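The values are calculated or read from the model by the stated rules, or taken from the named source; none is laboratory data. Everything numeric here is computed off the predicted structure, so don't read it as measured data. Here the Cβ positions follow ideal geometry from the backbone for every residue, glycine too, while neighbour counts run over all protein chains shown. Heavy atoms of the whole protein, side chains included, go into the accessibility calculation; ligands, DNA and RNA do not. Shrake-Rupley method; radii C 1.70, N 1.55, O 1.52, S 1.80 Å.
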Amino acid sequence: MIAIRPLQIEDIAEIADSARRADVEEMMACTGGSVCAALSYGLQHSLRSWVIEHDGIPLAAVGDTLAAVGVGVPWMVTTNNITINPRGFLRASKAVLSEQLQRHAKLTNYVDARNTDAIRWLSWLGFTIGPAVSYGASRLPFHEFTLIRSK
């Protein structure tokens, strides 16, 4: 069964240890740091952060920080366990997105151009994917993704 619950400090090591390779590579390219460091930052600085899990097994950690008034920065780290219940993950991610859009008129962030699964998922959620630009610590190609709350 899929559940969405608050991210806790105790979750960070388990999620980081089982993070998908694409997410590990994206975090290194973007921040120059580890998934564990990014999750710790996310837990401390997010307005809300959650774990999407299936029967207690973490599929992803997700949250949102504030960039400016009305503008949120959504983030997510998926685990290799996401294949356990991909449909449940998709439904849960829609619910999280809906909650984020209640707080922010606009959501925007960057995704590694190599992370094709994440780009496909973001498109499915309704985000507009921009052209690839040099971004992050490694200056690799990333796409800005944006979603504006409908009135």
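Give the shape of the chain as rounded, prolate or oblate, defined through the alpha-carbon gyration tensor: a ≥ b ≥ c are the square roots of its eigenvalues, a/c under 1.5 means rounded, and otherwise the shape is prolate if a/b is larger than b/c and oblate if not.
rounded
With n ≥ 4 as the cut-off for DSSP H runs, can you work out [θ] at 222 nm for the chain, using -39500 (n - 2.57) per run divided by the number of residues, rounded to the nearest 500?
Calculated at 222 nm, the ellipticity per residue is -11500 deg cm²/dmol.
Give, in nm to one decimal, the length gained when the segment between Ala37 and Ile84 is fully stretched (0.36 nm per residue of separation minus the Cα-Cα distance).
14.4 nm
About the Cα centre, and with charges only on the beta carbon of Lys, Arg (+1) and Asp, Glu (-1), how big is the dipole of the chain? Nearest 20 debye, please. Display every interim value, and only then the final one.
Values: 14 positive and 14 negative charges, 136 e Å.
Dipole about the Cα centre, nearest 20: 660 debye.
With a ≥ b ≥ c the root eigenvalues of the C-alpha gyration tensor of segment 91-132, is it rounded (a/c under 1.5), prolate (a/b larger than b/c) or oblate?
Working: a/c = 2.65, a/b = 1.54, b/c = 1.72.
Because a/c hits 1.5 or more and a/b fails to exceed b/c, segment 91-132 counts as oblate.
Using only the Cα atoms of segment 17-94, build the gyration tensor, take square roots of its eigenvalues as a ≥ b ≥ c, and label the shape rounded, prolate or oblate: rounded if a/c is under 1.5, else prolate if a/b is larger than b/c, else oblate.
Details: a/c = 2.01, a/b = 1.25, b/c = 1.60.
It is oblate, given that a/c is not under 1.5 and a/b is not larger than b/c.
For segment 88-151, what is the accessible area per residue in Å² when the probe is 1.4 Å?
For segment 88-151, the solvent-accessible area averages 54 Å² per residue.
Expressed as a whole percentage, what fraction of the accessible surface of segment 63-122 belongs to carbon and sulfur atoms when a 1.4 Å probe is rolled over the protein heavy atoms?
Within segment 63-122, the accessible surface is 57 percent carbon and sulfur.
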